[in-house]
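Enquirer: Input: one structure, supplied below.
Bear in mind these aren't lab numbers, they're just calculated from the coordinates by the rules spelled out. Since we're looking at a predicted model, the values are computed, not measured. Positions of Cβ are generated from backbone atoms using ideal geometry, with glycine treated the same way; all protein chains shown enter the neighbour counts.
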Amino acid sequence: MADWGGARLTTGVCALLLLATWLPMGLGQHSLALLVTGIAAFDLVVQGLHITNQSQIYTLRPEARARLTSAYMTCYFVGGVAGSGLSTLAYTRGGWTGVALLGAALGAATCLLWIVSLLRKR
């Protein structure tokens, strides 16, 4: 199995940045500049996580790239659908603040999963 040390660090940095992007987006309710800044940062971080995830799964079985990509993208799509549904519910109940809190909670969950993966590696 490949050494994922660099990928684990990249994942952790991206997870922390993902959490941080929700501060300007949450404040974006009152500032278009903060909202746009938060969205741009969020997009960059999500793309970084996506690329890191794909590079990690491809080391598992290089000969099965197509199957791994299909499984990964299916999970990615299902996660997007779940996030869209949850954000609709959050907006209905708490407005933009509810959406930002949900996003921050999901970002915090990503950080927690990263920490758990580091502890399991040891």
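Enquirer: What 222 nm value per residue comes from the helices of the chain, counting each DSSP H run with n ≥ 4 as -39,500 (n - 2.57) and dividing by all residues, nearest 500 deg cm²/dmol? The partial results should precede the final answer.
Expert: Values: 3 runs with 109 residues, N = 122.
Computed mean residue ellipticity for the chain: -33000 deg cm²/dmol.
Enquirer: At 7 Å along the Cα-to-beta-carbon direction for both Gln47 and Ala7, put a label point, then send me their distance in nm to one decimal.
Expert: Between Gln47 and Ala7, the label points sit 2.1 nm apart.
Enquirer: Let me ask something else. In whole Å and largest first, what semi-axes does the C-alpha gyration tensor of the chain yield when each eigenvalue is scaled by 5 and square-rooted? Please report the intermediate quantities before stating the final value.
Expert: On the way: eigenvalues 167, 53, 34 Å².
The equivalent ellipsoid of the chain has semi-axes of 29, 16, 13 Å.
Enquirer: Ok, one more. How far is helix 32-60 tilted off the main Cα axis of the chain, in degrees rounded to 10, range 0 to 90?
Expert: That works out to roughly 20 degrees.
Enquirer: For Lys121, project a label point 7 Å along Cα to C-beta. Then give me every residue of region 7-24 with its amide nitrogen under 13 Å of that point.
Expert: Within reach of a label on Lys121, which here means backbone N under 13 Å from a point 7 Å along Cα→Cβ, region 7-24 contributes 7-14.
Enquirer: Given labels modelled 7 Å from the Cα in the Cβ direction, how far is it in nm from Ser55 to Thr97?
Expert: Between Ser55 and Thr97, the simple spin-label model gives 4.0 nm.
Enquirer: For the chain, calculate the relative contact order in percent as a whole number, restricting contacts to Cα pairs under 8 Å that are 6 or more residues apart. Before the final figure, lay out the partial values.
Expert: Details: 96 pairs, mean separation 45.4, N = 122.
Here the relative contact order equals 37 percent.
Enquirer: Once the Cα atoms of helix 5-27 and of the chain are each reduced to a long axis, what angle between those two axes, in degrees from 0 to 90 to the nearest 10, is obtained?
Expert: Computed tilt is about 10 degrees.
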